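All remarks here apply to the structure that follows.
The values are calculated or read from the model by the stated rules, or taken from the named source; none is laboratory data. Because the structure is a prediction, the values reported are computed rather than measured. A quick note on method: Cβ atoms are made from the backbone with ideal geometry, for glycine too, and the neighbour counts reach across all protein chains shown. Accessible surface is based on the protein model in full, side chains and every heavy atom, while ligands, DNA and RNA are left aside. Shrake-Rupley method; radii C 1.70, N 1.55, O 1.52, S 1.80 Å.
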Amino acid sequence: MDPTGHKYFGSVDYVIFALLLIASMAIGLYYSFTGGRQRTTQELLLADGKMKCLPLSLSLMATFQSAVAIIGTPAEVYTNGTQYWFIGCSYILGLLIPAHIFIPVFYRLHLTSAYQYLELRFSKAVRICGTVTFIFQMVIYMGVGIYTPALALNAVTGFHLWGAVLATGSVCTVYTALGGLKAVVWTDVFQTVVMFTGQLAVIIVGVQQAGGLSDVWVKVRDGGRISRIDLDPDPTVRHTFWTLGVGGVFLMLSLYGVNQAQVQRYLSSRTEREAVRSCYMVFPCLQVALTLSCLMGLVMYACYGDESRPYVRSKDQMVLYFVMDMLQDFPGLPGLFVACLFSASLSTVSSAFNSLTAVTMVDLIKPHYSMSESTASLLSKILALSYGIICLAVAYVVHLMNSSVLQAALSIFGMVGGPLLGLFCLGIFFPWANSIGALVGLAAGLLMAFWIGFGGFLARMSIPAEVSLLNFTNTGPDVSDNITAVTETLDSACNKTSGPLGLHGLYSLSYMWYSAVNSSTVVLIGLIFSFMTGPTKACDITSGTVYPVVDNARSLLQHLLKPSVCCSSSPELRMDGHKEVNGIVKEESPTAQERETFLSSHPTSCVEHETSV
């Protein structure tokens, strides 16, 4: 090891890393020259609606099981223990609600972009505002997702920083532009296998190096890394059961309920039943991914304990340092884990490219310019390439910042994804909401998001130096403490007193509550302004855009009390008239169960039931 602390790759490691990039590129090229050759936007953006649930579920998981999670989660567990593991509790409601509410609404309206719903429910202005907000969210996240693994790799191995960034960005840009959603989904499947294999290899070797499973358990237990359930209701405490298990539900809904990258996969399913199944199958996939990441953090602690590493300047670099240190005597395994890391990055960024291309085409270009399918397909590919260039530019901006990648990424989704979740919830669950209320609510939610987010960041940066010295988790000499370290310090300092008050208490809010607070702000302000300007009339609501919570709850109660009465479906419950609204035709007709809907064929009557609450 040289004086800079670098552990260098061997030739076998470089070969394995190169094979990952070549295989991903090959999948994209394959789908660009087979089938319909991506000549239509329907095939390019929705895979002709022919995807099956197994590859879709792996793709849904891989989309947000990014390099951020693979680096950030083990580092979090290594530093603070297994409390973060409880975020797995939020996966239950975070996937059940999309499966039974959001997917039926979006699928039965035959959409391409989730933001088409906003125009059907509210107005074109709301649709455009939602689209622009989503683009802002995903462009920032792309920069974090592509830069994170490259930075860690450079810090630990000396691998050229911008060489890694350019390799990742260019490869996923090319296969996304050429192969469309089919290429994105199947590369996600391949990359998921690589991710799990790489993590398992590191865990197995790490356990052997630590002396076996029993020794690992003793070391992490004695080191205080096995966390108990923290039921502290204080929302300013960074990680408790409530912040992770309840606040995490809102984060999951913003990811798996209304995010275009995921909605686009649901809409590419052969049938609605397949889309719901894919959402169900994401649950075990996410649990496996979370378990592997947390186990890696525990194995890291068993090997290193609280011992500081002078070459590691932040805990986000700790994972790669551990990998290179533990696997240096196993040629090829360091390359396998780096391939795992970049697989996560590729899957996230390619999904972002594809979803950004879809919303730009469907929401911003097609409504204003008429063009042939071949022209639209070509323009979509150009847009994917353009977003690839933007991604590299954002990665450079991220390069100028310094923060904990896990918290930074989740904060971005909470700050921007929360208001978008609130906007969709306002339309789906509240038939009284109108266009003005939606616009004002979205603006209020975004203002609240950035007020809390940036206000909290500035407040933490102003913590006195003597307080920051209390923080033992900051392992590096960097002058600018990472966000996670400063937050932990602030939490511990505040807990010694009666707790933060006023604005200071708001700024101290755990980042896991961002999505809940921001989405609730949108709904509350949106409803207030809707009633002030005149609530939407029942006859003005497009059929299929409102989910009747009360009617469905009543039907469920009747089913539980009198199963024999409710076992048959009402023949008049059908969805009609939506293929003509969006001009998208599914090749396979839905089954009888899928045609059964939560709305009657008369929109006026169904909304009247809702307004009687």
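Within the range 190-237, the set of residues being closer than 14 Å to residue 296 by Cα and touching a Gly at 6+ places or on another chain (Cβ under 6 Å) comprises just one member, 225. Among the criteria (1) open to solvent by 20 Å² or more (accessible area, probe 1.4 Å); (2) in contact with a helix residue (DSSP H, G or I) (Cβ under 9 Å, 6 or more places away or on another chain), the one residue 158 does not fulfil is (2).
Per-residue answers, yes or no, for (1) modelled with pLDDT under 85; (2) surrounded by fewer than 20 Cβ atoms within 10 Å (Cβ to Cβ); (3) in a helix (DSSP H, G or I):
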| residue | (1), (2), (3) |
| --- | --- |
| 58 | no, no, yes |
| 70 | yes, no, yes |
| 78 | no, no, yes |
| 83 | no, no, yes |
| 89 | no, yes, yes |
| 95 | no, no, yes |
| 99 | no, no, yes |
| 104 | no, no, yes |
| 107 | no, no, yes |
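Please go through the range 415-443 and give me each residue that is of a type in the set (A, V, I, L, M) and crowded, with 21+ Cβ neighbours inside 10 Å, ordered by number. Answer for the range 415-443, where residues must be of a type in the set (A, V, I, L, M) and crowded, with 21+ Cβ neighbours inside 10 Å: 415, 416, 420, 421, 423, 426, 428, 433, 438, 442. Find the residue count for the range 192-230, including only residues that are open to solvent by 70 Å² or more (accessible area, probe 1.4 Å) and farther than 29 Å from residue 17 by Cα. So the count comes out to 8. When 352, 289, 339, 344 are checked against the criterion of being at pLDDT 85 or above and either within 30 Å of residue 54 (Cβ to Cβ) or open to solvent by less than 10 Å² (accessible area, probe 1.4 Å) (or both), a single residue qualifies: 289. Would you check if residue 133 is surrounded by 23 or more Cβ atoms within 10 Å (Cβ to Cβ) and hydroxyl-bearing (Ser, Thr, Tyr)? Against the criterion (surrounded by 23 or more Cβ atoms within 10 Å (Cβ to Cβ) and hydroxyl-bearing (Ser, Thr, Tyr)), residue 133 does not qualify.
Set side by side, the residues 387, 369, 396 differ, and just one is modelled with pLDDT of 85 or more and open to solvent by 20 Å² or more (accessible area, probe 1.4 Å), which is 387.
Of the residues making up the range 236-250, those that are of a type in the set (A, V, I, L, M) and open to solvent by less than 10 Å² (accessible area, probe 1.4 Å) number 1. Exactly one residue out of 278, 269 is crowded, with 24+ Cβ neighbours inside 10 Å and either aromatic (Phe, Trp, Tyr) or within 17 Å of the chain's Cα centre (by Cα) (or both): that is 278.
Within the range 102-117, the set of residues being within 17 Å of residue 356 (Cα to Cα) and either polar (S, T, N, Q) or over 19 Å from the mean Cα position of the chain (by Cα) (or both) comprises 111, 112, 113, 116, 117.
Among the residues of the range 509-544, those identified as outside any helix (DSSP H, G or I) and hydrophobic (A, V, I, L, M, F, W, C) are 509, 541.
Candidates in the range 109-121 are the residues that are among the polar types (S, T, N, Q) and not in a helix (DSSP H, G or I); of these, the one that is surrounded by the fewest Cβ atoms within 10 Å (Cβ to Cβ) is 112.
Of the residues 374, 380, which is open to solvent by 10 Å² or more (accessible area, probe 1.4 Å) and assigned to a helix (DSSP H, G or I)? None of the others qualify; the one that does is 374.
For the condition open to solvent by less than 10 Å² (accessible area, probe 1.4 Å), modelled with pLDDT of 80 or more and assigned to a helix (DSSP H, G or I), residue 362 does not qualify.
Any idea which residue in the range 194-237 is nearest to residue 306 (Cα to Cα), counting only those that are assigned to a helix (DSSP H, G or I), small (Gly, Ala, Ser) and touching a residue at least 24 places away in the same chain (Cβ under 8 Å)? Step by step, filter the range 194-237, then rank; the result is 210. Restricting attention to the range 119-162, and to residues there that are at pLDDT below 80 and of a type in the set (Gly, Ala, Ser), which single residue is farthest from the chain's Cα centre (by Cα)? Checked the range 119-162; the qualifying residue farthest from the chain's Cα centre (by Cα) is 158.
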